[in-house]
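The values are calculated or read from the model by the stated rules, or taken from the named source; none is laboratory data. Just so it is clear, the structure is predicted and the values come from calculations on it, not from any experiment. We place every Cβ from the backbone using ideal geometry, glycine too, and count neighbours over all the protein chains shown. Side chains are part of the model used for accessible areas, which takes the heavy atoms of the whole protein and leaves out ligands, DNA and RNA. Shrake-Rupley method; radii C 1.70, N 1.55, O 1.52, S 1.80 Å.
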Amino acid sequence: MIYDLVIVGGGPAGATLASLLNKNIKALLIEGDGAEKTCGGLLSPDAQEFLARLGRTLPSDVLVDPQIFSVRTIDLHTKKECTYFRNYLNMRRKAFDDWMLSFIPAHIETIKGVVNSIEALPSGFLLTCRKDGTQTQIRTRKLVGADGAGSIVRRTFFPPLETEELVAFQQWFPASDESQPPLYTALFDKKTSTACSWTIQKGEHVLFGGIFPKDHTRQRFEEQKEKLRSVGFEFRRPMRSEGCKVLKPRSQKSFQCGSHNIFLIGEAAGFISPSSFEGISYAMKSAYYLSESLKTPNPSQSYFKMTTGLRNRLLLKLFKARVMYSPMLRSLALQTGLTGISPIE
Ligand SMILES: Cc1cc2nc3c(=O)[nH]c(=O)nc-3n(C[C@H](O)[C@H](O)[C@H](O)COP(=O)(O)OP(=O)(O)OC[C@H]3O[C@@H](n4cnc5c(N)ncnc54)[C@H](O)[C@@H]3O)c2cc1C
């Protein structure tokens, strides 16, 4: 048996694509191992708008208390801070991914498994996949990598992306009773990080995480934790720690859409914001563009064209990232309170 299309990865990109494929395509989605993702679990306005276009309404059990409308932004080095209005939705990330998978129609086959190798054949591809402890071989004519930043599909067929390689690390803590609102903070510290960190309350828990250079990640994280304590944050014993690789875009060559019968969507293609590290909206949009491109005679060319706006938008965000992550410009922005809100006592 040979599939027309196999999608590797059942995150927002793979799930969106599988839910939008034409009925006549014999497709399989390989979901992955279902491990928890290192993620802030915030649904951006762009992602909300895209869900609106798909006609999907988010069930309340995907959301988690509290819904926070302001982000307290603190520079841990200068101690300057400002509060900004934000309209993200606070979610349980795993519940969101499961909800996205629930839209996959019955005619698309899905399996839980991990692809460990891929071979190009004259007529398509041969995938070796570990499923229920055994190795299975799967043949397909077209292949979609929706398998996130570490994509095996991208690594097998394309050179490494020209990105800044960073590491995300975060810990979950029981929420302290004395926690004070607002419980959503964005943190900067030029000594320990070239990117940003965050604390977000999620129900009974508080998440503290950040994106750091690859060297001494854990040490940098712990140093930030100490600095946070010095500005009044309390952390009890962590309940869970998690981490992952982050590929921060830095040029046109930070993206790879694929070629011939191989397509990359979502973070596998490098689609993640270099400023906020928001990626769910790009995952869903790129999946939609691919579903439309697959209806055309030259899907590769069409997909590359359709994602031009998306790639340009990410490149524009590089300028925002330069301001946010420049200690001098950030200090100026926090001091002037530009676009900030003034809390009422
Ligand atoms: C620290 C951090 C915080 C973030 N916070 C946010 C946020 O708050 N809001 C937001 O919008 N974005 C956030 N992002 C970005 C967002 O998580 C990703 O951009 C988004 O999940 C990308 O979706 P995707 O479907 O492309 O990939 P993923 O969500 O990574 O899904 C890839 C899937 O592929 C599967 N897979 C991987 N390898 C294989 C394999 N070999 N075989 C089979 N399956 C495989 C995995 O199990 C996974 O399910 C954050 C990223 C980081 C690093």
For this session: Provide the solvent-accessible area of residue 302, counting protein heavy atoms only and rolling a 1.4 Å probe, rounded to the nearest 10 Å².
Result: 20 Å²
Seminar exercise, completed: Taking 0.36 nm per residue of separation between residue 222 and residue 25 and subtracting their Cα-Cα distance, the length gained on full extension comes to 66.0 nm
Problem set entry | Neighbour cut-off at most 16 other Cβ (10 Å), DSSP loop, chymotrypsin sites (Phe, Trp or Tyr not before Pro), the range 95-166 | 103
Seminar exercise, completed: Any residue on another chain or 5+ positions along whose placed amide H is under 5 Å from the amide H of residue 175 is listed here as 205, 206
For this session: Write out the chymotrypsin sites (Phe, Trp or Tyr not before Pro) in the range 245-336 meeting two conditions: DSSP loop, and at most 16 other Cβ atoms within 10 Å of their Cβ.
Result: none
Seminar exercise, completed: Sorted list, accessible surface of protein heavy atoms, 1.4 Å probe, largest first, for 215, 61, 46 is 61, 215, 46
Problem set entry | Residue-averaged [θ]222 nm for the chain, counting only DSSP H segments that reach four residues, each worth -39500 (n - 2.57) | -8500 deg cm²/dmol
Seminar exercise, completed: The set of residues whose placed amide H lies less than 5 Å from the amide H of residue 80, leaving out same-chain residues fewer than 5 positions away, is 75
Seminar exercise, completed: For 328, 91, the accessible-area ranking with a 1.4 Å probe, largest leading, is 328, 91
Problem set entry | Efficiency of FRET between residue 245 and residue 318 - r from beta-carbon atoms, R0 25 angstrom, step 0.05 | 0.80
Exercise. What nm distance separates the two modelled labels at residue 344 and residue 111, each placed 7 Å from Cα along Cα→Cβ?
Worked result: 5.9 nm
For this session: Treating only the Cβ atoms of Lys and Arg (+1) and Asp and Glu (-1) as charged, compute the dipole magnitude of the chain about its Cα centre; round to the nearest 20 debye.
Result: 860 debye
Seminar exercise, completed: Computed for the range 188-313: size of charge dipole around the Cα centre, +1 on C-beta of each Lys and Arg, -1 on C-beta of each Asp and Glu, debye to nearest 20, value 240 debye
Problem set entry | For residue 80, solvent-accessible area (1.4 Å; no DNA, RNA or ligand), Å² | 60 Å²
Exercise. Taking springs between alpha-carbon atoms closer than 10 angstrom, which of 13, 321, 146 fluctuates most in the Gaussian network model of the chain?
Worked result: 321
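May I ask you to list, by number, the DSSP H helices of the chain whose Cα span along the axis is at least 15 Å and whose average Kyte-Doolittle hydropathy reaches -0.5 or more?
Qualifying helices, which must be both long enough and hydrophobic enough, are 280-293, 308-324.
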Exercise. Taking a probe of 1.4 angstrom, what is the accessible area of residue 79 in Å², to the nearest 10?
Worked result: 110 Å²
For this session: Equivalent ellipsoid semi-axes for the range 273-342, as square roots of 5 times the alpha carbon gyration tensor eigenvalues: give them largest first, rounded to whole Å.
Result: 36, 11, 8
Seminar exercise, completed: For the range 202-345, the percent of accessible surface on carbon and sulfur atoms (probe 1.4 angstrom, ligands and nucleic acids excluded) is 56 percent
Problem set entry | Surface accessible to a 1.4 Å probe, per residue, for the residues of the chain, Å² | 48 Å²
Seminar exercise, completed: Heavy-atom accessible area with a 1.4 angstrom probe orders 132, 98, 147, most exposed first, as 132, 98, 147
